[in-house]
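Structure, as C-alpha cells:
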Amino acid sequence: STALVWLRRDLRLADNPALQHALSVAETVIPVYIHAPHEEAPWEPGAASLWWLHHSLGALSNDLQRLGSRLIIRSGSTPECLESLLAETGATQLYWNRLYEPAVIKRDQQIKQQLRDQSIEVQSFNSALLFEPWEITNKAGQPCKVFTPFWKTCCAQGVHRLPLPTPETLPAVDPELTSIPLAALGLLPTLDWDTGLASSWQVGEQGAHEALESFIDGAMHAYKEDRNRPDLAGTSKLSPHLHFGEISPLQVHSACMRAVAEGRYPGEDRHLLHFLSEIGWREFSYHLLYHFPQTPESPLDTRFERFPWPKTDPEQLRAWQKGQTGIPIVDAAMRELWHTGWMHNRVRMVVASLLSKNLQIHWLEGARWFWDTLVDADLANNTQGWQWTAGCGADAAPYFRIFNPVLQGERFDPQGKYVRQWVPEIAGLPDNYLQKPWEAPAEVLAAAKINLGRTYPHPILDLGETRQSALQAFSAIKQPP
Ligand code: FAD
C-alpha cells in the first residue's frame, strides 16, 4: 500500500512517529509538505519564521534524498492538496504528527473526518510533547493553571518512551510525482535583512543535535545560574529547533538521561533538573494553549479584560521595536532580536515588562512584534511569555512586580558586555553609567563621545513615574467587579 506522511512542524527523520508508523505499514511512503500559511490565521508564520522554515525544509529535503526518498512540496488549500495527492498516488493511508494551535486543530479535525468518510486511513501521533495536554490534570481533574504542581505531576508520571530511530533507508518516490521547487514558495525575504540570521544559526535536524550535544557538554554544567545572563552563552538555543520539530523534547530528555547514565552528570544534578523544568515550561504553555484556546488574543486572567491598556503610542512602540528607547539593556535586547531572530529569556521579560507596564502598551502589540521577528516564534510559548510578564496569564508574575531595566542590566550584564555588543554607540561609558547614561555627568559623556539626544536617545520614558502610573492602572482592576 501507499501512505502519505504529511510533515508540518516535525521537520526531522529521527523520532518521527508518523513516519515510523507509515514505514511499518506501507511499502511506499511519500513525505509531503503543504504550504498553507493562511490556514493558521490570525497567527500565520511571521517573516523570521518563514526564513527558518525555508532552510529547515531545505535540510529535510536533502536528508530525505540521502535515504532514497524525496520531499513533495505543494501549496494552496491543504484539504485540496491532500485530496489531489491521494488521487495522484493512489495512497490509502495518511499520517501526521499533532499540532496544538486552535486554528490548526480545527482544520486537522475537519480533514480527518472528511478523509475517513472516504475510507482513507488517517492517524495522528504525538511528536511535539512529553505529555499530551489532556494527560495532566490538577487534583480536581481540571486543567492546571499553576506551573509547579503541573510539572510535579508530569515528573511523578515520568517519561516512559524512548525516541524512535532514524530510518536507515526510505522507499523511493515516483519521479513523475510533481513537487514545487522550495524557492518558488517565496519564504525568503525580498529585502536583504537576513544576513544576521544566516550567520547565527545552523538550521535543520543536524544543527539541532549539534546544539543539544554542545550544550550538554558545556553550558548545562552551570545552567541554573548562567541561564539568567544575556552576556553569556548560558542556554541551549534549542527553541527554534524545538518549534520546527527538528528535534523532539523526548530526544532532549533522553539525551539528558544518557548524560546521567554515562556519568557526565550526577543524578539529580540541579543544573540538569532546572533545564528539564524549562522544557516543562514549554509543556505547560502547550497545556494552557490547548485548554484555553482564546489566550493568544485574550488574557487568561479575565480581570485584565478591563485593564486600561489605552496607549498605542506609535512613536513609543516604534522606538521599542527599533531598540531606540534610550534604555541600554532594552535597546540591546531589541537589536539582538532584529539581528539574530532570537532574544535571551531574561531580557525578553525585561522588554515585555517595559512595553506592557511602563509604557502601558497592550501586550498583544509586543507579542505581534515578537511573532514577526523571532525565529522561535511559537504560539504557545509566546502567549504564555507575554501574559506571564504582563501579569495577566496563568501563574503570572504579580502585576506590581515591574522589572527595573537598570537594575536588571546591572545584575545580569555586570560588565556590560551585552550592552556594549549591541549598543556600540555607548560602549565607551564606564560600567557604573552604562545601564543609565542619562545619569552620567557631562564630562563622562563627552569623554565617551556621547551626545545624548543625538548619538544615543534620551530615555523615552521616566521609569519611576511610569511605574507609579502602571500600579495605579492596576489598582483599578485588582478587585473583582
Ligand atoms: P533554554 O533556557 O535552553 O531552554 C530550553 C527550552 O525550554 C527552550 O528552547 C524552550 O523550548 C523551553 N523554554 C525555556 N524557557 C521557557 C519559557 N519561559 N516558556 C516556555 N518554554 C521555555 N519561547 C519560544 O520558544 N517561543 C516564543 O515565541 C517565546 N516567546 C516569549 C516571549 C516572552 C515575552 C517571554 C518572556 C518568553 C518567551 N519564550 C518563548 C520563552 C523563552 O524566552 C525561550 O524559550 C528561550 O529564551 C529560548 O532560548 P533557549 O532555547 O536557549 O532556552
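Every number in this text was worked out from the coordinates using simple rules, so none of it is lab data. It should be emphasised that the depicted structure is a prediction, and the values quoted were computed from it without experimental measurement. Glycine gets a Cβ as well: all are built from the backbone with ideal geometry, and neighbour counts include every protein chain shown.
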Discussion item. Taking 51 Å as R0, compute the FRET efficiency from the Cβ-Cβ separation of LEU452 and GLU80 and round it to 0.05.
Written reply: 0.30
Discussion item. Please compute, over every Cα-Cα pair in region 1-152, the percentage with a separation greater than 25 angstrom.
Written reply: 34 percent
Worksheet item: So what's the gap between the Cα centers of region 248-318 and region 373-400, to the nearest angstrom?
Response: 8 Å
Worksheet item: Order of GLU80, GLU176, GLU410 from fewest to most other C-beta atoms within 10 Å?
Response: GLU176, GLU80, GLU410
Worksheet item: Helix-derived [θ] at 222 nm for the chain: sum -39500 (n - 2.57) over DSSP H runs of at least 4, divide by residue count, nearest 500?
Response: -14000 deg cm²/dmol
Item to complete: If a/c stays under 1.5 just call it rounded; otherwise compare a/b with b/c (prolate if a/b is bigger, oblate if not). Do that for region 302-475, with a ≥ b ≥ c from the square roots of the Cα gyration tensor eigenvalues.
Response: prolate
Discussion item. Starting from 0.36 nm per residue, how many nanometres of slack lie between TRP193 and GLN113 once their C-alpha separation is accounted for?
Written reply: 24.6 nm
Practice prompt. Please report Rg over Rh for the chain, where both radii come from the alpha carbon positions and Rh follows the Kirkwood definition.
Written response: 0.99
Discussion item. Rounding to the nearest 10 and keeping the result within 0 to 90°, find how far the Cα-based axis of helix 147-157 lies from the longest principal axis of the chain.
Written reply: 30 degrees
Worksheet item: Roughly how tilted is helix 249-261, in degrees to the nearest 10 and between 0 and 90, from the longest Cα axis of the chain?
Response: 80 degrees
Practice prompt. Could you tell me the distance between the Cα centroids of region 89-110 and region 136-178, to the nearest Å?
Written response: 16 Å
Worksheet entry | Between 0 and 90°, nearest 10: helix 270-291 axis offset from the chain longest Cα axis | 70 degrees
Item to complete: Grab the Cα-Cα distance for GLN202 and GLU297, subtract it from 0.36 nm times how many residues apart they are, and report the gain in nm with one decimal.
Response: 31.0 nm
Worksheet, complete the sentence: With DSSP loop assignment and no more than 16 other C-beta atoms within 10 Å, the trypsin sites (Lys or Arg not before Pro) in region 104-171 are LYS139, ARG161
Fill in: GLU135-GLU425 pseudo-label distance in nm [points 7 Å out on the Cα-to-Cβ vector]
5.1 nm
Response to the item:
Here the residues of region 111-132 lying in the modelled label zone of VAL25, meaning backbone nitrogen under 20 Å from a point 7 Å along Cα-to-Cβ, are 111-128
Worksheet entry | Longest exposed-site-free window of the chain, the sites being chymotrypsin sites (Phe, Trp or Tyr not before Pro) in a DSSP loop that have at most 14 other C-beta atoms within 10 Å | 194-399
